[in-house]
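The values are calculated or read from the model by the stated rules, or taken from the named source; none is laboratory data. Quantities reported herein were computed from a predicted structural model and do not represent experimental measurements. Cβ coordinates were reconstructed from backbone atoms using ideal geometry, including for glycine residues, and neighbour counts include every protein chain displayed.
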Amino acid sequence: MIQKMIRAARLDRTLYSEVEANENETTNALIVVIIVAIATGLGAMLFTANPVGSLLGGLLRVVLGWVVSSFLIYFVGTRVYHAATTPGEVLRTLGYAQSPGVLAVLGFIPILGWLVGLAAGIWVLVASYVGIKEALDLDTNKTLVTIVLAIAAWIVISIILGMIFGIAGAGFGLLFGQ
């Protein structure tokens, strides 16, 4: 699995095609997401009063954010562009796209930590784009529009949930792993 994570981080399109097509990779994609969530939590542990609670809460947010983001991408891609895909294909590609996020384990390093975290975040976004493009089999513009529409849908959902449950901003935290 480590080799696949490295290939995903290298933006290897063939890796994303492989995991998209292989239903047995769904559990491994979840494991990748959990590894990244733990690495992120470990990198931030020095900056919190409750490290264990933060780690567990972060793990839940990251996994839930992965699932919700995947289904939004799936929904938009299949409804707007009639992409021939399944929710599992999107879950798998977006799961592996999280691979560069393991670098967030370095978040505890003064000054350098946040720069590495920022670079890893941008890298994850680029890898997610590659994964989404492979999962949905769309061209560049349609992939970008799908991502923008999914983010817009997430913002609307977050606002509605915030108004209903008084948890303003909770959805943004899920989407961006905060």
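Annotations for the structure displayed:
- The helices (runs of 4 or more DSSP H) located wholly in the stretch 78-178 that include 1 or more residues which are under 17 Å from V19 (Cα atoms) and at pLDDT 95 or above occupy 87-97, 112-136.
- Among (1) more than 11 Å from the chain's Cα centre (by Cα); (2) in contact (Cβ under 8 Å) with a residue 12 or more places away in the chain - the single one A97 does not satisfy: (1)
- Verdict on L103 being more than 16 Å from the chain's Cα centre (by Cα) and either within 20 Å of M45 (Cα to Cα) or in contact (Cβ under 8 Å) with a residue 40 or more places away in the chain (or both): no
- Residue among A84, A8, A37, A21 that is surrounded by 20 or more Cβ atoms within 10 Å (Cβ to Cβ) and closer than 17 Å to A135 by Cα: A8
- Pairs, first without any contact (Cβ under 8 Å) to a residue 12 or more places away in the chain in the stretch 25-46, second part of a helix (DSSP H, G or I) and acidic (D, E), C-beta under 9 Å, six or more apart: none
- Only listed residue being in contact (Cβ under 8 Å) with a residue 60 or more places away in the chain and under 12 Å from the mean Cα position of the chain (by Cα), chosen from V67, V62: V62
Residue by residue, here is whether (1) buried (at least 19 other Cβ atoms within 10 Å of the Cβ); (2) among the aliphatic types (A, V, I, L, M); (3) part of a helix (DSSP H, G or I) holds:
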| residue | (1), (2), (3) |
| --- | --- |
| T27 | no, no, yes |
| I31 | no, yes, yes |
| L56 | no, yes, yes |
| L64 | no, yes, yes |
| S69 | yes, no, yes |
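- Answer from A135, A152 - the residue that is within 26 Å of R7 (Cα to Cα) and either of a type in the set (A, V, I, L, M, F, W, C) or surrounded by 15 or more Cβ atoms within 10 Å (Cβ to Cβ) (or both): A135
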